[in-house]
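Structure record follows, encoded as structure tokens.
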Amino acid sequence: MLKETLIDLLTQAAIQAQQSGKLPSATLPTVTIERPQNPEHGDYASSFPLKLARSAGANPIEIARELVKLIPPTPEIESIAVAPPGFINFTLKNGWLMQQVDVILSEREKFGNIDLGHGSRVQVEFVSINPTGPLHVGNGRGAILGSTLSNVLTAGGYNVEKEYYFNDAGSQMEALRRSLFARYQQCLGVDVEMPSEGYFGNYMVDLAREIISEEGDRFLSLSEAEAISELGKVGVEKIISSIREDLELLRVDFDAWFSEQSLYENGQFDRVMALLREGGHLMEKENATWFVSTSLGEDKDNVVVRGDGLPTYFAADIAYHYNKFLERNFDRVIDIWGADHQGHVSRLKAAVAALGIDPDRLELIINQMVTLRRGGEMVRLSKRSGDLITLREVIDEVGTDACRFFFLSRSANSQMDFDLELAKQESQDNPVYYVQYAHARIASILRLAEGRKISYADGDVSLLTTEPELTLIRKLLLLPEMVEVVVQTLEPHHLTYYAQDLATSFHSFYKLCRVVSDDQALTKARLKLVEATKTVLARTLHLMGMTAPDRM
RNA sequence: GUCCCUGUAGCUCAGCUGGAUAGAGCGGCUGCCUUCUAAGCAGCGGGUCGCAGGUUCGAAUCCUGCCAGGGACGCCA
């Protein structure tokens, strides 16, 4: 990429300056290249001379001038300027920019790909909620974040596997099964109480009714333990498939669904506990088994096996991550969690390190809470308490594209309000339509050209000389840099801003530059530009999991 | 009490691995449809970047303290 070329050029110039004694031979600071906000400062800029001035003890302007003298001409760069207090500004050649339109047209949907991962294997695990009820909006946020990030990592040259981890063991599932059995009995006229730790949402009643309509009262004739287990199995299956459906509606899919239960059945859980014990990380106290994380710098120790002999969620998670790193050998693992799991981060990293795995290979993304409002009023999201707006209701109301865009446009670090009253209205002037509209407009132009039988494969891109055209080309060329930024920061929200920016440049071009006109040569050149723009817009939308409509 | 996230324009938020006059969308106000989609374009107005110190040639960005909002501190997940 051009950015790397510029870094090389500057580094080489600095080394040369050192060799000729123009710069003291101290270690060089890292060369950074920025995209200046002000177009007068060129396409790329570097504050390298300013950083160099500190160690060299020289005037940054003088350093900049020396460096610029040592940079050889290249096919891409028109001019290199020195600006106070010590910036070096690079401006690209118009001719080179124009040629990139042909490059984009030849790369098609591959344009934007940049090989940073070199095929290394990265697992992205997200959503992963217990099958104890339908997804709510907060889960939707993680789902969209995870699926988008996976798309971008793939574009960034990684071999990505998306996984849903599925807690089908543990006390929460037991509470769910008991709740279901209670509702089942109640629906059949049996006077029983819900368990106090149960799930009180109405969906549990619906679920019980659904099972009754399909399977009748046959579970009543079983022993209580059997009934809870058998009915529970049916119920959990149904909940899982409804979760799957909700995610499909959001265009979120997974390569693997991983069962917690499997860790116990294949002995991996026991193996991991043995490993920890051998490493001296386990300790018996207060009738339970503890992971001694205080000796690894943590605030406190954590229970892995409870007094009743059952493993904790934490213990299962350690085994699960052992499986990810040592059984399946992922190079990197990215987990996306809700803010309520924040406290779990450092102890899981400590546990991973205790297993001899470099904890930096495990990256955690915490997305902050989504609070749901109806008008001004807050709506609780707790599954146990009952009043719950499901993700599906929100998707039905707002639509998948607008939903994805909305969730994607805020960084995971900031909490967000989702106001249902405003959802529809907001979806009307949602920026996603602004972006899609640009795509649809282009499709319309291309239809017109096709109708007039204009073939433009031989269009001459060197005719794209006006300011709106060159601005648009510059924006097209940002896509690979966006992919790079997202891969490096794991923050896909940047894509939404890029998409809007690109659409703005197109709409502005559209207003100022007639594409299909009497000027045949110019028409062909502009059809190329417009098609390249369509390609980049579509790619950007697809990376975000959105549709690129040809008509609106 | 400890830890994590957040505090930027009327509202919702970008910008935060330090860089050149702090940006966008929405809302408000002005203009623009005889020609490829006005779900659009052009322009105007709007900011003590929570507060106070510090580091630096340079701080919205880094450090410290405080204030405010949210989250976590369980033999739940």
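The values are calculated or read from the model by the stated rules, or taken from the named source; none is laboratory data. Everything numeric in this text was worked out from a predicted model, so none of it was measured. In this analysis, Cβ positions are derived from the backbone assuming ideal geometry, glycine residues included, and neighbour counts consider all displayed protein chains. Just so you know, the surface numbers come from the protein's heavy atoms only, side chains and all, with ligands and any DNA or RNA stripped out. Shrake-Rupley method; radii C 1.70, N 1.55, O 1.52, S 1.80 Å.
Touching a residue at least 24 places away in the same chain (Cβ under 8 Å) and within 18 Å of the chain's Cα centre (by Cα): does that describe A:G119? Reasoning before the result, please.
Details: touching a residue at least 24 places away in the same chain (Cβ under 8 Å): yes; within 18 Å of the chain's Cα centre (by Cα): no.
So A:G119 fails the test.
Considering segment A:304-348 alone, what residues qualify as being more than 16 Å from RNA strand B (Cβ to nearest atom), without any contact (Cβ under 8 Å) to a residue 40 or more places away in the chain, within 19 Å of A:F126 (Cβ to Cβ) and not aromatic (F, W, Y)?
Scanning segment A:304-348 gives no hits.
Under 8 Å by Cβ, and 6 or more places apart or on different chains, what pairs join a residue from segment A:412-436 that is aliphatic (A, V, I, L, M) with one that is within 8 Å of RNA strand B (Cβ to nearest atom) and open to solvent by less than 90 Å² (accessible area, probe 1.4 Å)?
Every condition considered, the pairs that remain are A:A412/A:I366; A:A412/A:Q368; A:A412/A:E491; A:A412/A:H493; A:M416/A:Q368; A:M416/A:T371; A:V435/A:Q500; A:V435/A:A503.
Among the numbered conditions (1) part of a helix (DSSP H, G or I); (2) in contact with a Pro (Cβ under 7 Å, 6 or more places away or on another chain), tell me where A:N323 comes up short.
(2)
Residues to consider are A:D217, A:D255, A:D246; find the one that is open to solvent by less than 40 Å² (accessible area, probe 1.4 Å) and charged (D, E, K, R). First the steps, then the outcome.
Numbers: A:D217 fails: open to solvent by less than 40 Å² (accessible area, probe 1.4 Å); A:D255 fails: open to solvent by less than 40 Å² (accessible area, probe 1.4 Å).
Only one candidate qualifies: A:D246.
Scanning segment A:349-375 for residues that are away from RNA strand B (no atom under 13 Å from the Cβ) and over 30 Å from A:R277 (Cα atoms), which turns out most open to solvent (accessible area, probe 1.4 Å)?
A:R374
Suppose the filter is of a type outside the set (S, T, Y) and closer than 15 Å to A:L478 by Cα; does A:G112 pass it?
Yes; evaluated as a whole, the condition is true for this residue.
Per-residue answers, yes or no, for (1) assigned to a loop (DSSP other than H, G, I, E, B); (2) in contact with a Phe, Trp or Tyr (Cβ under 7 Å, 6 or more places away or on another chain); (3) of a type outside the set (F, W, Y):
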| site | (1), (2), (3) |
| --- | --- |
| A:R141 | no, yes, yes |
| A:G157 | yes, no, yes |
| A:E161 | no, no, yes |
| A:Y164 | no, yes, no |
| A:D168 | yes, no, yes |
| A:Q172 | no, no, yes |
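So that you can scan it fast, the table gives a plain yes or no per residue for (1) open to solvent by 40 Å² or more (accessible area, probe 1.4 Å); (2) in contact with a His (Cβ under 7 Å, 6 or more places away or on another chain); (3) in the same structural domain as A:E109 (by TED's automatic domain parsing); (4) more than 9 Å from RNA strand B (Cβ to nearest atom):
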| site | (1), (2), (3), (4) |
| --- | --- |
| A:T466 | yes, no, yes, yes |
| A:S505 | no, no, yes, no |
| A:R514 | yes, no, yes, no |
| A:E531 | no, no, yes, yes |
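Mind listing whichever residues of segment A:398-418 are modelled with pLDDT under 85 and open to solvent by 30 Å² or more (accessible area, probe 1.4 Å)?
Across segment A:398-418, the qualifying residue is only A:D417.
When residues of segment A:224-270 are filtered for being assigned to a strand (DSSP E or B) and either on the phi > 0 side of the Ramachandran plot or at pLDDT 95 or above (or both), how many remain?
Of the residues in that region, 3 qualify.
Looking only at segment A:39-91, which residues are near RNA strand B (Cβ under 8 Å from one of its atoms), part of a loop (DSSP other than H, G, I, E, B) and open to solvent by 20 Å² or more (accessible area, probe 1.4 Å)?
A:P84, A:P85 - these are the residues of segment A:39-91 that are near RNA strand B (Cβ under 8 Å from one of its atoms), part of a loop (DSSP other than H, G, I, E, B) and open to solvent by 20 Å² or more (accessible area, probe 1.4 Å).
Checking the structure you have, find out if any residue of segment A:537-551 is within 9 Å of RNA strand B (Cβ to nearest atom), open to solvent by less than 20 Å² (accessible area, probe 1.4 Å) and either part of a helix (DSSP H, G or I) or assigned by TED's automatic domain parsing to the domain that holds A:I104 (or both).
no
Do we find that A:T32 is within 12 Å of RNA strand B (Cβ to nearest atom), under 35 Å from the mean Cα position of the chain (by Cα), in the same structural domain as A:I77 (by TED's automatic domain parsing) and under 28 Å from A:L97 (Cβ atoms) in this structure?
For A:T32, the condition - within 12 Å of RNA strand B (Cβ to nearest atom), under 35 Å from the mean Cα position of the chain (by Cα), in the same structural domain as A:I77 (by TED's automatic domain parsing) and under 28 Å from A:L97 (Cβ atoms) - is met.
How many residues does segment A:507-548 hold that are among the hydrophobic types (A, V, I, L, M, F, W, C) and without any contact (Cβ under 8 Å) to a residue 40 or more places away in the chain?
Residues flagged as among the hydrophobic types (A, V, I, L, M, F, W, C) and without any contact (Cβ under 8 Å) to a residue 40 or more places away in the chain within segment A:507-548 amount to 0.
Any idea which residue in segment A:37-54 is farthest from A:A81 (Cα to Cα), counting only those that are at pLDDT 90 or above and polar (S, T, N, Q)?
In this case the residue turns out to be A:S47.
For (1) over 22 Å from A:G146 (Cβ atoms); (2) among the basic types (K, R), each residue gets a yes or a no:
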position	(1), (2)
A:N329	no, no
A:W337	no, no
A:D340	no, no
A:V345	no, no
A:A350	yes, no
A:A353	yes, no
A:R374	yes, yes
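Any residue in segment A:15-24 that is within 15 Å of RNA strand B (Cβ to nearest atom) and either touching a helix residue (DSSP H, G or I) at 6+ places or on another chain (Cβ under 8 Å) or of a type outside the set (D, E) (or both)?
no
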